[in-house]
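What follows is calculated from the coordinates using simple rules that are stated; it is not laboratory data. Because the structure is predicted, anything quoted here is derived from the model rather than measured. Here the Cβ positions follow ideal geometry from the backbone for every residue, glycine too, while neighbour counts run over all protein chains shown.
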């Protein structure tokens with residue numbers, strides 16, 4: 001049976017990074033595995049230099065593309081594996097976490113935990129480097145608790161601080177209620193979805209958000225509202241508000257919600273399948289929170305406010 005591995009690397013300095021991450025890739029190439037790197041440009045250059053001619057055997061995707069938005073990294077990995085489904089993949093995945101908003105960091109923690117579940121049966125060895133020399137403790141802590149092994153000195157060791165991914169995902173599904181000053185409209189009928197789209201366009205434009213970003217949010221809201229009307233219970237509501245560095249479109253319905261914490265993390269087999277709306281929303285929004293409580297199901301769609309876009 002195929003089993004994936006998901007390991008972390010805590011490096012301090014360029015030399016350690018090139019040695020450890022480059023060695024990880026070279027070992028895979030020597031075993032006949034395919035190589036993929038999703039990383040900041042500086043790290044891409046270092047790995048190319050460390051691998052020399054072997055770099056021609058590796059596919060490099062800069063983090064500004066692979067993680068735009070963050071859940072797109074899953075799509076990049078899936079597309080890469082699909083190109084040669086019978087070969088094992090050796091993958092390095094890293095982005096500059098210091099550029100992320102608080103909502104995106106919560107979602108990144110979710111992304112890292114979910115890898116252990118949704119890719120468990122994949123033919124892939126995935127290494128996630130963390131810059132221990134510069135990242136603050138709360139960001140390094142993400143890597144500490146979401147990887148089953150740690151790479152150090154060229155060898156893998158079991159990570160004793162690895163947390164159960166289902167427990168982590170459940171903890172990250174805590175519902176955050178909309179603020180009292182949120183703009184709220186009832187969307188309990190199919191005809192109300194058009195009103196929701198108009199509201200999102202109007203408020204997004206007034207907030208100074210780029211038109212194409214507003215368009216993405218409109219599509220995401222439409223998909224999530226449609227899901228709520230098809231699979232949830234009335235009332236379906238849309239709340240719009242700002243929260244720190246992000247603008248939030250918050251869809252609620254009266255149903256108890258999704259019991260599967262991995263719903264919508266991978267593309268469904270058919271667009272009509274349950275979960276397609278959430279998958280599409282994660283490809284369009286900066287961050288997506290899903291949770292349920294006695295009041296119903298909550299889906300919060302985040303995009304960056306203009307001061308944090310760039």
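Using a 7 Å offset from Cα along Cα-Cβ at residue 195, what residues in the stretch 223-257 end up with backbone N under 13 Å from the label point?
Once the point is set 7 Å along Cα→Cβ of residue 195, 236-239 turn out to lie under 13 Å by backbone N, inside the stretch 223-257.
Which FRET efficiency value, to the nearest 0.05, do you get for residue 134 and residue 68 by plugging their Cβ-Cβ distance into 1/(1 + (r/R0)^6) with R0 = 30 Å? Provide the component values of the computation, followed by the final result.
Working: r = 22 Å, r/R0 = 0.74.
For R0 = 30 Å, the calculated efficiency reads 0.85.
Report the semi-axes of the equivalent ellipsoid for the stretch 183-308 in whole Å, largest first, where each axis is √(5λ) for an eigenvalue λ of the Cα gyration tensor.
On the way: eigenvalues 93, 52, 37 Å².
Whole-Å semi-axes of the equivalent ellipsoid: 22, 16, 14.
I'd like the antiparallel share, as a percent to the nearest 5, of DSSP beta bridges with both residues in the stretch 5-171.
On the way: 4 of 28 bridges.
In the stretch 5-171, DSSP labels about 15 percent of beta bridges as antiparallel.
Would you kindly state how much longer the chain becomes between residue 161 and residue 260 on full extension, computed as 0.36 nm times their sequence separation minus their alpha carbon distance, in nm to one decimal? Don't skip to the answer; put the middle values down first.
Working: separation 99, 0.36 × 99 = 35.64 nm, distance 2.44 nm.
Going from the current span to full extension adds 33.2 nm.
Under the Kirkwood approximation applied to all pairs of distinct alpha-carbon atoms, what is the hydrodynamic radius of the stretch 129-176 in Å? Can you show the working numbers first?
Details: mean 1/r = 0.0820 Å⁻¹.
Final number for the Kirkwood radius of the stretch 129-176 is 12.2 Å.
For the chain, restrict the atom set to alpha-carbon positions and state the Rg and Dmax in Å.
20.2, 60
Measuring from the lowest to the highest alpha carbon on each principal axis, how far does the stretch 93-221 reach, largest first, in angstroms?
58, 31, 30
Using Cα pairs under 8 angstrom and six or more residues apart, how large is the relative contact order of the stretch 183-308, in percent?
Numbers: 234 pairs, mean separation 34.4, N = 126.
Rounded, it is 27 percent for the stretch 183-308.
Give the dimensionless ratio obtained when the Cα radius of gyration of the stretch 5-171 is divided by 2.2 N^0.38 Å.
On the way: Rg = 14.7 Å, N = 167, 2.2 N^0.38 = 15.4 Å.
That ratio works out to 0.96.
Considering all projection directions equally, how large on average is the shadow of the alpha-carbon convex hull of the stretch 1-72, in square nanometres? Walk me through the numbers before you get to the answer.
Values: hull surface 22.5 nm².
One quarter of the hull surface, i.e. the mean projection, equals 5.6 nm².
Using the per-residue mean of other Cβ atoms lying within 10 Å as a proxy for protection, in what order, highest first, do the peptides 247-256, 3-12, 81-90 fall? Could the numbers behind the result be given before it?
Details: 247-256: 22.3, 3-12: 18.5, 81-90: 13.4.
In decreasing order of mean packing, 247-256, 3-12, 81-90 become 247-256, 3-12, 81-90.
What distance in nm lies between label points placed 7 Å from Cα along the C-beta direction at residue 215 and residue 242?
2.5 nm
With an 8 Å Cα cut-off and a minimum separation of 6 or more residues, compute the relative contact order for the stretch 5-171 in percent.
Working: 250 pairs, mean separation 56.3, N = 167.
Relative contact order, the stretch 5-171: 34 percent.
At a threshold of 8 angstrom on Cα-Cα distance, excluding pairs fewer than six apart, so keeping six or more, what relative contact order does the chain reach in percent?
On the way: 559 pairs, mean separation 58.4, N = 310.
Relative contact order here is 19 percent.
How long is the stretch 21-111 along each principal axis, judged by its Cα atoms, biggest number first, in Å?
Projected onto the principal axes, the Cα atoms of the stretch 21-111 cover 40, 28, 17 Å.
Could you tell me the calculated FRET efficiency between residue 176 and residue 53, based on Cβ-Cβ distance and R0 = 51 angstrom, to the nearest 0.05? Please list the in-between numbers first.
Values: r = 51 Å, r/R0 = 0.99.
Calculated value: 0.50.
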